Amino acid sequence: MRRLLDQLRGGAVTRRDAMRRLAAMGLAAPLATQLMALAGVSPASAQANALGPEPARRGGGGALKLLYWQAPTLLNPHFATGATNQDASRIFYEPLAGWAADGTLLPVLAAEIPTLANGGLAPDGRSVTWRLKPGVRWHDGAPLTADDLVFNWEYARNPATAAVTAGSYRDVEVVKVDDLTVRVEFRQPTPFWAETFVGSRGLIIPKHLFERYTGAASRDAPANLRPVGTGAYRFVSFAPGDVLHASLNPDYHLPNRPFFDTLEVKGGGDATSAARAVLQTGDYDFAWNLAVEDDILRRLEAAGRGRVVFIEGGDIELLHLNPTDPNREVEGERSHPATTHPALADPAVRQAIGLLVDRDSLEQFIYGRGGPATGNVLNNPPRFRPPQPPRAFSVERANEVLEAAGWRRGADGIRAKDGVRLRFVLQTSVNAPRQRTQALIKAAALRAGIDVEVKAVAATVFFSSDVANPDTYTKFYADLQMFTTVMTQADPQRFMNQFVSWEMASRANRWQGRNVFRWRSADYDRLFREAEGELDPIRRAALFLRMNELVLADGYVIPLVGRPRVNAHANTLRPVLSAWDNTLWLLSHWGRQGG
């Protein structure tokens, strides 16, 4: 490691090569960045080429038109349950730092990335000190101060707020040092310090507009739909589920940015029409999350107006089996954690369903470049990637497992046991690859004596934050469901947090907990807590690999395909994208060729 850092400092190896080799040694991105800082390499320097040349002036780029076929429905990042709401919020709100494509941190509202050398990181791993950029103002002219950060911590950790970001703030203390400095204190030595105020879960809202709307009143804030942030674009108008308009922020804290004068985010439609509007007709500049069969994308690319970009990260399409009973109410709540599913509680049924998933066909005939088959929950970064388990697909074996467990076919061919029939509702959002996946699973299940009813919910409903809506994925009022879980950090801690018991979604937290699967394991909880405080990178990686094994062994979560970020953009557009953060994580740096 010392030789590598000497070579890096002397220019014998590039920063990218050094990052790759440090990752192979088991170092998480923040630790690798820390080492490089000690070696005299600026944490921000890695992005110099990726961000492009500094523009000559602010504005002048005209209109930027984005298509999000899953339309955003709110603009408060603390309630943003889906990627579309996170992205829409990111247009206006910013974190202290974001995750770049190479897994390193780039300062946004922070003056610099904390390191041991600059005094930001405590040598004992118990705190990190962040310094704000001076002179940053909210869109209404009020200054950004440390008081805003302390408020966000108090706001998100308040149980009555029921924020989806609560897990990033619940177990820390945030102390104001001075008007531009805060210290985040941890309960124990913490290897992954880059979470609070960082990335997609670290967007900062203004105290002076939200302090009257905390706790139980948090959903009543007018700014939930009319944001006042620090971002490169200011709010103009918003029709939830339809269209969002913004305009250039003339007082943005970076010189000569942003490039575009106006911004439109159009929602609705479907992924295929969104791809066509960029790649074939050229009506829009950018189309998000193109969940489209790969052969269709290839045909649309042939028009020559744009290109499809695949950015590999840790996102994954999962099939979830409900451990709870979606048809039984406890205290007015279905899928209550206290209930048990009458059929899926049988390990043989879960094993059979796993045998009925043909991952290789999903990759070959549906997703192509946009969905490599995988049997793991945790697939990236490479240092945390376990060997691929066998991906067995066998209807014959599924029948044998069910027969041996006492599930007998009835006159209609559907299996039953003790009065319980194997009839399940499989729900997901509306998009063509998912409906084709549902069809494949349904056909295979029927051959094994399992009746699967498919349910497709409009994406704006399925991923809605509306606590009164029964068809959201966080409610999980079905037997099976399928969607992509995104990994918005180059570290697995927040990603694997989706399986801990204290994050279970329920009425008590307004279904905002990240564990929407309702899965519970005391061994998993213990390993996760241990990993939170493990400073040795090799031991920490081993703990996450073991967690991956535990999730797979229980059979309630079935990995289908990896989901690289698939977007399309016009040939002239220069977006800055990262698989470790929101799509719009650095919208301030988007431009056009020659502009």
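Can you tell me which residues in the stretch 159-183 are modelled with pLDDT of 95 or more, in contact with a helix residue (DSSP H, G or I) (Cβ under 9 Å, 6 or more places away or on another chain) and either surrounded by fewer than 24 Cβ atoms within 10 Å (Cβ to Cβ) or farther than 29 Å from THR583 by Cβ (or both)? Across the stretch 159-183, the qualifying residues are VAL172, GLU173, VAL174, VAL175, LYS176, VAL177, ASP178, ASP179, LEU180, THR181. Residues that are farther than 16 Å from GLN493 by Cβ and in a loop (DSSP other than H, G, I, E, B) within the stretch 380-400 comprise PRO386, PRO387, GLN388, PRO389, PRO390, ARG391, ALA392, PHE393, SER394, listed in sequence order. Residues that are closer than 28 Å to ALA101 by Cβ and part of a loop (DSSP other than H, G, I, E, B) within the stretch 474-499 comprise VAL486, MET487, THR488, GLN489, ALA490, ASP491, PRO492, listed in sequence order.
ALA156 meets all of the listed conditions (1) over 17 Å from PHE210 (Cβ atoms); (2) open to solvent by less than 10 Å² (accessible area, probe 1.4 Å); (3) not hydroxyl-bearing (Ser, Thr, Tyr) but one, namely (1). The residues of the stretch 194-229 that are out of contact with any Asp or Glu (no Cβ under 8 Å at 6 or more places or on another chain), of a type outside the set (Lys, Arg), in a loop (DSSP other than H, G, I, E, B) and open to solvent by 20 Å² or more (accessible area, probe 1.4 Å), listed by number, are GLU211, LEU225.
Against the criterion of being at pLDDT below 90, touching a helix residue (DSSP H, G or I) at 6+ places or on another chain (Cβ under 7 Å), within 26 Å of ALA88 (Cα to Cα) and not basic (Lys, Arg), THR428 does not qualify. Anything in the stretch 266-308 that is closer than 15 Å to PRO575 by Cα and not in a loop (DSSP other than H, G, I, E, B)? List them, or say none. Residues satisfying the conditions are VAL278, PHE286, ALA287, GLY306, ARG307, VAL308. Scanning the stretch 418-445 for residues being farther than 20 Å from ILE366 by Cα and in contact with a strand residue (DSSP E or B) (Cβ under 7 Å, 6 or more places away or on another chain) gives a total of 4. Only one entry in LEU535, LEU584, LEU552, LEU573 is within 30 Å of PRO337 (Cα to Cα) and either out of contact with any strand residue (DSSP E or B) (no Cβ under 9 Å at 6 or more places or on another chain) or surrounded by 17 or more Cβ atoms within 10 Å (Cβ to Cβ) (or both), namely LEU552. Restricting the stretch 74-123 to residues that are in contact with an Asp or Glu (Cβ under 8 Å, 6 or more places away or on another chain) and part of a strand (DSSP E or B), the residue that is nearest to ALA156 (Cα to Cα) is GLY98.
Residue by residue, here is whether (1) in contact with a helix residue (DSSP H, G or I) (Cβ under 8 Å, 6 or more places away or on another chain); (2) modelled with pLDDT of 95 or more; (3) not in a loop (DSSP other than H, G, I, E, B) holds:
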position: LEU318; (1), (2), (3): no, yes, yes
position: THR324; (1), (2), (3): no, yes, no
position: THR340; (1), (2), (3): no, yes, no
position: GLN351; (1), (2), (3): yes, yes, yes
position: GLY354; (1), (2), (3): no, yes, yes
position: TYR367; (1), (2), (3): yes, no, yes
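Counting the residues of the stretch 366-401 that are in contact (Cβ under 8 Å) with a residue 12 or more places away in the chain, farther than 30 Å from THR272 by Cβ and not aromatic (Phe, Trp, Tyr) gives 15.
Taken together, the residues in the stretch 183-193 that are among the basic types (Lys, Arg) and part of a loop (DSSP other than H, G, I, E, B) amount to 1.
Taken over the stretch 333-379, the residue count meeting the criterion of being closer than 23 Å to ASP479 by Cβ and charged (D, E, K, R) is 6.
Every residue, every condition in (1) in contact (Cβ under 8 Å) with a residue 40 or more places away in the chain; (2) among the small types (Gly, Ala, Ser), yes or no:
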position	(1), (2)
LEU144	yes, no
TRP153	yes, no
ARG157	no, no
ALA162	yes, yes
THR165	yes, no
TYR169	no, no
ASP179	no, no
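Filtering the stretch 466-482 to residues that are more than 17 Å from ARG328 (Cα to Cα) and open to solvent by 10 Å² or more (accessible area, probe 1.4 Å) leaves ASP466, VAL467, ALA468, ASN469, TYR473. Scanning the stretch 73-112 for residues that are open to solvent by 10 Å² or more (accessible area, probe 1.4 Å) and more than 30 Å from ASN509 (Cβ to Cβ) turns up ALA101, ASP102, LEU106, PRO107, ALA111, GLU112. Cβ-Cβ distance below 6 Å, separation of 6 or more or different chains: which pairs start in the stretch 279-294 with a residue that is under 19 Å from GLN593 (Cα atoms) and end on one that is outside any loop (DSSP other than H, G, I, E, B) and among the charged types (D, E, K, R)? Final answer for the pair search is LEU279/GLU301; TYR284/LYS65; ASP285/LYS65. Does VAL500 count as more than 23 Å from ALA80 (Cα to Cα), without any contact (Cβ under 8 Å) to a residue 40 or more places away in the chain and either open to solvent by less than 10 Å² (accessible area, probe 1.4 Å) or in contact with a Lys or Arg (Cβ under 7 Å, 6 or more places away or on another chain) (or both)? So VAL500 fails the test.
Restricted to the stretch 507-517, and to residues that are open to solvent by less than 40 Å² (accessible area, probe 1.4 Å) and in contact with an Asp or Glu (Cβ under 7 Å, 6 or more places away or on another chain), which residue is farthest from VAL551 (Cα to Cα)? Ranking the candidates gives GLY513 first. In the stretch 207-222, the residues that are over 16 Å from SER465 (Cβ atoms) form Cβ pairs under 8 Å with partners that are in a helix (DSSP H, G or I) and open to solvent by 70 Å² or more (accessible area, probe 1.4 Å), at six or more places apart or across chains, as follows: THR214/GLU154. Filter the stretch 402-444 down to residues that are assigned to a helix (DSSP H, G or I), without any contact (Cβ under 8 Å) to a residue 60 or more places away in the chain and open to solvent by less than 10 Å² (accessible area, probe 1.4 Å) and give me whichever is nearest to THR472 (Cα to Cα). Filtering first and then ranking leaves GLN438.
The values are calculated or read from the model by the stated rules, or taken from the named source; none is laboratory data. Bear in mind the structure is a predicted one, so any value in this text is a computation, not a measurement. Positions of Cβ are backbone-derived with ideal geometry, glycine not excepted, and every protein chain shown enters the neighbour counts. Heavy atoms of the whole protein, side chains included, go into the accessibility calculation; ligands, DNA and RNA do not. Shrake-Rupley method; radii C 1.70, N 1.55, O 1.52, S 1.80 Å.
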